[in-house]
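Comments concern the structure below.
The values are calculated or read from the model by the stated rules, or taken from the named source; none is laboratory data. What you see is a predicted model, and the numbers here were worked out from it, not measured in a lab. All Cβ positions, even for glycine, are placed from backbone atoms using ideal geometry, and neighbour counts span all protein chains on display. Heavy atoms of the whole protein, side chains included, go into the accessibility calculation; ligands, DNA and RNA do not. Shrake-Rupley method; radii C 1.70, N 1.55, O 1.52, S 1.80 Å.
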Amino acid sequence: MEKIRIQKLLSALGIDSRRHVEEAIKNNEVYVDDKLAILGQLVDENSKIIYKNKLINQKNITTKKYILFNKPKNLICTNNDPQKRKTIFDYLGLKEYTYSIGRLDFNTTGIIIVTNDGEFANLMAHPSSNILREYIVKLEKPLSDEDIKFLNSDNAILEGKKSKQKVTKLNNLIYSVILYEGRNHHVKNLFALVNNYVINLHRKRYGEFSDENLPIGKWKEININKINAIKDKLKGE
């Protein structure tokens, strides 16, 4: 493991948020190799770290996982299903407890993040983060120009709340939908407003992640440096 800043390491290990670690360092509550830590100090897995009077045993801490998965159909995103359907966690062969960021319906395909990092999951899922979501939708019938104009206006209301999106025609039945929120069955309910039915739904983008070079059914590990950069951005650091 290469040396990284102590606040990044403790945040990545799930010990505390980066901001709280920095506050603890300023309050002389963090030691590295029996000396008071300083902001930005570089450490690795061999460093002896004491955080708020507790020795951090890095080897006993669950390694954080960040998986980008292009979900196929016929999988659910919950850990336990009363109907005993196959989950994304079964598909990925994950033994430790993990959870998804941004669920997708059973028959919806596309990009989803699987992790055991609660801080990262909460940041990505929080409404204030305004995470972009792009969906590719196949409809039962073409939209009229009036339909598209309505959907892109301020008049699209779902469950009493305004829905703001950008709908773009790709071909006769295929459309791109960009949203910055993720309500339950949001896209399907959106097209129901113009008396249309979603035949196929795929999430192409979620925040800074896309399905580029990642076929449906495949997955890859996300680089920790990218995760930390996203955390910093969402926390305004």
Worksheet entry | the chain - charge dipole about Cα centre, Lys and Arg +1 at Cβ, Asp and Glu -1, debye rounded to 20 | 320
Worksheet item: For the chain, what is the mean residue ellipticity at 222 nm derived from helices alone (per DSSP H run of n ≥ 4: -39500 (n - 2.57); sum divided by total residues; nearest 500 deg cm²/dmol)?
Response: -6000 deg cm²/dmol
Worksheet item: Which value, in Å² rounded to 10, gives the accessible area of T168 with a 1.4 Å probe and all protein chains present?
Response: 60
Worksheet item: Short version: ³J(HN,Hα) in whole Hz for each residue of the range 186-196, in order, from phi by Karplus 6.51 cos²θ - 1.76 cosθ + 1.60 (θ = phi - 60°), x for Gly and Pro, what are they?
Response: 4, 5, 4, 5, 4, 6, 5, 4, 10, 6, 10
Item to complete: Jot down the radius of gyration and Dmax of the chain, Cα atoms only, both in angstrom.
Response: 21.4, 70
Worksheet item: For the range 1-97, which chymotrypsin sites (Phe, Trp or Tyr not before Pro) are in a loop by DSSP, counting at most 13 other Cβ atoms within 10 Å?
Response: Y97
Fill in: Inter-label distance, nm, simple model (7 Å from Cα along the C-beta direction), E23/H126
1.3
Worksheet item: Of K65/K204; K138/K233; K141/K162; K95/K164; K73/K149, which pairs sit farther than 28 Å apart, going by alpha carbon to alpha carbon?
Response: K138/K233; K95/K164; K73/K149
Practice prompt. With a Förster radius of 45 Å, plug the Cβ-Cβ distance of L92 and S153 into 1/(1 + (r/R0)^6) and report the FRET value to the nearest 0.05.
Written response: 0.65
Worksheet item: What ranking of E159, E45, E134, E212 comes out by heavy-atom accessible area, probe 1.4 Å, highest first?
Response: E159, E212, E45, E134
